[in-house]
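J.: My questions will all concern the structure given below.
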Amino acid sequence: MRLAVLAVLPVLFASPALANFSACVGGLKDAAVKAGVSRAVADRALAISQPDEKVMRLSRAQPEFKTPIWDYLGFLVDEERVEQGRVMMRRYDNVLRAAEERFGVNRFVIAAVWGVESNFGQDAGDNFLPHSLATLACQGGRRTAFWRGELIAALKLVTRGDLQLNELYGSWAGAFGQTQFIPSTYERLAVDFDGDGRRDLVKSVPDALGSTANYLRRAGWQPGGSWMIEVKVPPNYSGPTGRKQKAPLSTWGSRGVVRADGAALSGGAQAGLLLPSGPRGPGFLVFKNFDAIYAYNQAESYALAISHLADRMAGLPTFRTPWPTDDPPLSRAQRFELQRLLVAAGYQIGEPDGKVGPLTREAIRDAEQRAGMPPTGRPGMKIYRALGGR
Ligand SMILES: [Ca+2]
């Protein structure tokens, strides 16, 4: 029984902070009710006496590792996802075509967003949103109002009947459902595409796909337009680059840029040039539709992944120009196998899950040194092979 008493002590010491947290949560409930959330929903959602430690840790973590673009893309656009995407596109062919018809957005791009955001609905996150968002809203800082707004938006979805409270599970930062919308985006842009009267982006694939198409259309998607083409630039190219530095394809042609297969560029379509790994790596001309994809997650690497996955599912090949690295990226299956090999070699990195975090990186660094390689911490092909991966 002594143990039980000891275990209570830290709670007693921390009680002023917990009292503040309870007061803050009480304030959130009142604000939610004032905004139209039912008292019953607010009370049930926010029956929480202390902040979620995991969410606090994740919200404060600084990215300790700059992921090379080829690792990022290797993870998101591997053969497994391309294959699975083709299967899912066949299964939901009618829905995807209907969404393409109604919103004008290319169905391969809609499916690619679905595939990257939730692995086609299989991995939408397991954090209970009201608790995550209350934790974030009550820890102070400049984004307090944002988190409070997202919490209230989430509870409104329940009050209105779009979702059940026990369906509000997602990422620690509030993105959830098959499209990983944050609640305010859900409120604004989700559509009921299966016609059952509810906007359910958690369980309804048609609602999720229709909502993704609606989002992209509202973000400026131009029906029938391209999103990205792979190109080559002259080896010493030093001209304009950047998504926003758009020029007609014919102008890019006059600057020495050609399609990746060597064909000339012509025509007046406006595009910007991305060289994510410099002039020696693959280059991309990106169009206004790429910007619509960019809006989904505010990152060019993300928009590249969606664009490329869409192209791959549509039957286009991998990039013609290789990335400028002699240590190619691993697929998800290979990352899983790499972790298994590290465990077999005695590293304590937990159960292999294919997700490369700090523990795995540290083990890779150590294994690299033991193999006489420079310690990078990257899950690349060299250390994979050195540990016996095939
Ligand atoms: Ca529905």
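The values are calculated or read from the model by the stated rules, or taken from the named source; none is laboratory data. Nothing here was measured: the structure is a model prediction, and the numbers come from that model. Virtual Cβ from ideal backbone geometry, glycine too; neighbours counted across all protein chains shown. Heavy atoms of the whole protein, side chains included, go into the accessibility calculation; ligands, DNA and RNA do not. Shrake-Rupley method; radii C 1.70, N 1.55, O 1.52, S 1.80 Å.
J.: Return yes when Thr144 is away from the ligand (no atom under 13 Å from the Cβ), touching a residue at least 24 places away in the same chain (Cβ under 8 Å) and among the β-branched types (Val, Ile, Thr) and no when it is not.
T.: So Thr144 fails the test.
J.: Do we find a residue being open to solvent by 40 Å² or more (accessible area, probe 1.4 Å), within 16 Å of the ligand (Cβ to nearest atom), modelled with pLDDT of 95 or more and part of a loop (DSSP other than H, G, I, E, B) anywhere in segment 166-177?
T.: no
J.: Here's a follow-up. Of the numbered conditions (1) outside any helix (DSSP H, G or I); (2) touching a strand residue (DSSP E or B) at 6+ places or on another chain (Cβ under 8 Å); (3) of a type outside the set (A, V, I, L, M, F, W, C), Gln50 satisfies every one except a single condition; which is it?
T.: Only one criterion is unmet by Gln50, namely (2).
J.: Among the candidates Ala344, Ala264, Ala333, single out the residue that is under 18 Å from Tyr72 (Cα atoms) and surrounded by fewer than 20 Cβ atoms within 10 Å (Cβ to Cβ).
T.: Ala333
J.: Can I ask one more? Please work out if Leu216 is within 16 Å of the ligand (Cβ to nearest atom), open to solvent by less than 30 Å² (accessible area, probe 1.4 Å) and aliphatic (A, V, I, L, M). Give the derivation first.
T.: Numbers: within 16 Å of the ligand (Cβ to nearest atom): no; open to solvent by less than 30 Å² (accessible area, probe 1.4 Å): yes; aliphatic (A, V, I, L, M): yes.
Spelling it out, it is not the case that Leu216 is within 16 Å of the ligand (Cβ to nearest atom), open to solvent by less than 30 Å² (accessible area, probe 1.4 Å) and aliphatic (A, V, I, L, M).
J.: So in segment 275-298, with the set limited to residues that are more than 23 Å from Ala213 (Cα to Cα) and buried (at least 22 other Cβ atoms within 10 Å of the Cβ), which one is nearest to the chain's Cα centre (by Cα)?
T.: Filtering first and then ranking leaves Phe284.
J.: Right, here's the next one. Could you list all residues from segment 178-187 that are open to solvent by 10 Å² or more (accessible area, probe 1.4 Å) and either out of contact with any helix residue (DSSP H, G or I) (no Cβ under 9 Å at 6 or more places or on another chain) or not in a helix (DSSP H, G or I) (or both)? Even if it seems obvious, please write down each step before you answer.
T.: The first filter runs over segment 178-187 and keeps only residues open to solvent by 10 Å² or more (accessible area, probe 1.4 Å), leaving 178, 180, 182, 184-185, 187.
The answer is Gln178, Gln180, Ile182.
J.: Across segment 281-302, what is the number of residues that are in a helix (DSSP H, G or I) and more than 17 Å from Gly267 (Cβ to Cβ)? Write out each step before concluding.
T.: Just the residues of segment 281-302 that are in a helix (DSSP H, G or I), to begin with: 288-297, 300-302.
Narrowing the set further to residues that are more than 17 Å from Gly267 (Cβ to Cβ) leaves 291-297, 300-302.
Residues in segment 281-302 being in a helix (DSSP H, G or I) and more than 17 Å from Gly267 (Cβ to Cβ): 10 in total.
J.: Of all the residues that make up segment 368-390, how many are open to solvent by 50 Å² or more (accessible area, probe 1.4 Å) and farther than 13 Å from Leu342 by Cβ?
T.: 8
J.: Is there a residue in segment 228-235 that is part of a loop (DSSP other than H, G, I, E, B), away from the ligand (no atom under 16 Å from the Cβ) and under 30 Å from Arg57 (Cβ atoms)?
T.: Taking every residue of segment 228-235 in turn, none turns out to be part of a loop (DSSP other than H, G, I, E, B), away from the ligand (no atom under 16 Å from the Cβ) and under 30 Å from Arg57 (Cβ atoms).
J.: Given the conditions (1) in a loop (DSSP other than H, G, I, E, B); (2) out of contact with any Ser or Thr (no Cβ under 8 Å at 6 or more places or on another chain); (3) closer than 26 Å to Gln84 by Cβ, which single one is not true for Pro276?
T.: All conditions pass for Pro276, except number (2).
J.: Same structure again: On the basis of being under 30 Å from Asn236 (Cβ atoms) and open to solvent by less than 10 Å² (accessible area, probe 1.4 Å), does Ser301 make the cut?
T.: no
J.: Please enumerate the residues belonging to segment 188-211 that are more than 8 Å from the ligand (Cβ to nearest atom) and open to solvent by 50 Å² or more (accessible area, probe 1.4 Å).
T.: Hits for segment 188-211 are Arg188, Lys203.
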